[in-house]
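Note sheet for the following structure.
The values are calculated or read from the model by the stated rules, or taken from the named source; none is laboratory data. The shown structure was predicted, so the numbers you read here are calculated from the model rather than taken from an experiment. Reconstructed Cβ throughout: ideal geometry from the backbone, glycine too, with neighbour counts over all protein chains shown.
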Amino acid sequence: MSENKNIPAIEMRGVSVGAMRDASFIVVEDVNWSVAAGEFWVIAGQEHSGKSDLLMLAAGLMMPAGGSYKLFGNDARSFGEAELPERLRVGFVFQGGHLFNQLTIAENVALPLQYGQNLSPDAAALEVQALLELMELAPLADVTPSNIAANWRQRAALARALILKPEVLLLDNPLSGLGARHLQWWLRFLDQLSRGHEQLGGGPMTIAATADDLRPWQNARRKFALLRD
């Protein structure tokens with residue numbers, strides 16, 4: 001956890017967000033957003049309103065076109081290789097999962113351990129297996145993503161984001177296209193993470209998710225934001 005809990009996990013002041021494919025094209029501007037450790041945010045907006053771009057910026061995967069953005073109190077513009085540990089405190093789930101089809105589900109989930117902590121496949125195997133069991137993915141461990149349903153691919157992408165036990169979890173439209181049973185699983189599991197899951201570090205996890213529809217997310221413990229125009 002962050003040493004100073006008074007420092008926001010995410011802090012944006014007057015931020016302008018460029019499009020992922022063309023950073024010179026501004027899709028969101030004048031963003032003032034502060035996310036305290038342990039908060040659960042849901043950001044809604046119409047399609048092409050810039051939700052995904054904002055989330056990519058929050059993850060440190062893009063730089064702001066204007067304004068200031070701090071991640072764990074550090075200016076994101078100064079991030080380089082030395083700041084990799086700071087970036088690894090953030091987990092990101094892409095809409096649709098973005099898994100590697102040539103790898104099995106277990107191999108996809110193991111990737112952050114191999115690259116972020118330089119673990120061998122054998123050393124990562126126990127941690128991966130425990131997480132797959134927690135998330136009901138163990139029967140699919142040796143299957144490639146193209147051979148499982150989209151509901152399970154999305155859950156595997158969540159497992160990959162959680163394997164490093166991040167302090168902040170960012171999810172791009174995670175409920176999109178889910179069946180009713182899977183949707184309810186996601187809502188319950190994310191609430192568990194928000195309160196603190198003993199198998200994933202124990203402390204409350206800071207969460208921000210984007211959504212096309214706020215109705216499934218209604219909960220008194222969550223905070224909501226809307227991208228307008």
When region 55-93 is checked residue by residue, the ones that are more than 21 Å from residue 159 (Cβ to Cβ), among the basic types (Lys, Arg) and modelled with pLDDT under 90 are 77
Total residues in region 53-64, condition part of a helix (DSSP H, G or I) and either among the hydrophobic types (A, V, I, L, M, F, W, C) or surrounded by fewer than 19 Cβ atoms within 10 Å (Cβ to Cβ) (or both):
5
Hey, can you tell me all the residues within region 17-37 that are closer than 29 Å to residue 221 by Cβ, small (Gly, Ala, Ser) and surrounded by fewer than 19 Cβ atoms within 10 Å (Cβ to Cβ)?
34, 36
So how many residues does region 39-52 have that are part of a loop (DSSP other than H, G, I, E, B) and either over 21 Å from residue 174 (Cβ atoms) or modelled with pLDDT under 95 (or both)?
6
If you check every pair at least six apart or on different chains, which have Cβ atoms under 6 Å apart with a residue in region 176-204 that is outside any loop (DSSP other than H, G, I, E, B) first and a residue that is polar (S, T, N, Q) second?
182/151
State whether one or more residues within region 128-140 are among the small types (Gly, Ala, Ser), under 17 Å from residue 197 (Cβ atoms), touching a residue at least 40 places away in the same chain (Cβ under 8 Å) and buried (at least 16 other Cβ atoms within 10 Å of the Cβ).
no
